[in-house]
1. Tell me which residues, restricted to the stretch 6-23, are part of a strand (DSSP E or B) and in contact with a strand residue (DSSP E or B) (Cβ under 6 Å, 6 or more places away or on another chain).
2. So residue 208 fits all but one of (1) farther than 23 Å from residue 15 by Cα; (2) open to solvent by less than 20 Å² (accessible area, probe 1.4 Å); what number is the exception?
3. Restricting attention to the stretch 144-159, and to residues there that are of a type outside the set (D, E, K, R) and touching an Asp or Glu at 6+ places or on another chain (Cβ under 7 Å), which single residue is most open to solvent (accessible area, probe 1.4 Å)?
4. Just to verify a result, which residue in the stretch 179-205, among those that are loosely packed, with under 13 Cβ neighbours inside 10 Å and of a type in the set (D, E, K, R), is modelled with the lowest pLDDT?
5. Among the residues of the stretch 86-122, count how many are of a type outside the set (S, T, N, Q), within 23 Å of residue 46 (Cβ to Cβ) and open to solvent by 60 Å² or more (accessible area, probe 1.4 Å).
6. Just to be sure, is residue 78 more than 14 Å from the chain's Cα centre (by Cα), at pLDDT below 85 and open to solvent by 20 Å² or more (accessible area, probe 1.4 Å)?
7. Would you check if residue 176 is open to solvent by 50 Å² or more (accessible area, probe 1.4 Å), modelled with pLDDT of 90 or more, under 24 Å from residue 32 (Cβ atoms) and under 15 Å from the mean Cα position of the chain (by Cα)?
8. Taking the stretch 193-215 on its own, how many of its residues are within 21 Å of residue 140 (Cβ to Cβ) and part of a strand (DSSP E or B)?
Amino acid sequence: MEDWSTAPGGIRYRLEGGGVRVTLPEGQAMVAEADRLLYREDGVSWSLAGSGAGRMRGWVNRIQRRAAGLADRMSRYDGPGEVAFAAGATAEVEPVELVKGDNLVVAAPTFLAAAVGVQVDVALVEKVREEGERRTLAMYRLIGEGLALLAASGDAVRMHLRPDEAVEAAAWAIAWYEATGSYELRVLGGPRGNHVARIAGPACGVAQTARPPVR
């Protein structure tokens, strides 16, 4: 069991097994997919999270989320008090502290929660073929400053790509990557082949060794 850590803004967190406990001070909040909540103390209020600044931006975001099968699932938790999120028994939770200028693209199933200073938008929604089945691949873009909690399925494999390097992996295997790199979906084995994701540097990222469960 790890000790408590403190992120910018005073949010404290501790990783525990397949989840994470978070202590929110007064005036701090986090957003998360609704089905990630494990528990919240009475002092922590719940509401549906906003979807960005401006009416048009919010409308576009809702349309994108519906297309990804994620409509109306993002919740907001305001302190003070403790809230806990569940990542799953086979997931490896990683805290990422974003600073101004960071731009991270995250596979939707690996997103656990983020401080409200981090803007969460839909970056990609595509139908892909995997092992003969059609699936929806959805990815979020995280921009801003604050704590983000991510959860790779299985083991997390680090990628450090120089400008002249690139990797290909199963589409589900990319957990997250820095948007300084380029991302491309390709089909291997003809029109009915499986999709793979190609990431070219410069970028750092994480691959996951297990397919995320369908949520």
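The values are calculated or read from the model by the stated rules, or taken from the named source; none is laboratory data. What you see is a predicted model, and the numbers here were worked out from it, not measured in a lab. Please note: Cβ atoms are built from the backbone with ideal geometry, for glycine as well, and neighbour counts cover all protein chains shown. Accessible surface is based on the protein model in full, side chains and every heavy atom, while ligands, DNA and RNA are left aside. Shrake-Rupley method; radii C 1.70, N 1.55, O 1.52, S 1.80 Å.
1. Residues of the stretch 6-23 part of a strand (DSSP E or B): 6, 12-16, 19-23.
Passing the criteria: 6, 12, 13, 14, 15, 19, 20, 21, 22, 23.
2. (1)
3. Of everything passing the filter in the stretch 144-159, 156 is most open to solvent (accessible area, probe 1.4 Å).
4. Step by step, filter the stretch 179-205, then rank; the result is 192.
5. Number satisfying all stated conditions: 1.
6. Details: more than 14 Å from the chain's Cα centre (by Cα): yes; at pLDDT below 85: no; open to solvent by 20 Å² or more (accessible area, probe 1.4 Å): yes.
Judged against the criteria, residue 78 is not a match.
7. When the stated conditions are applied, residue 176 does not pass them.
8. 12
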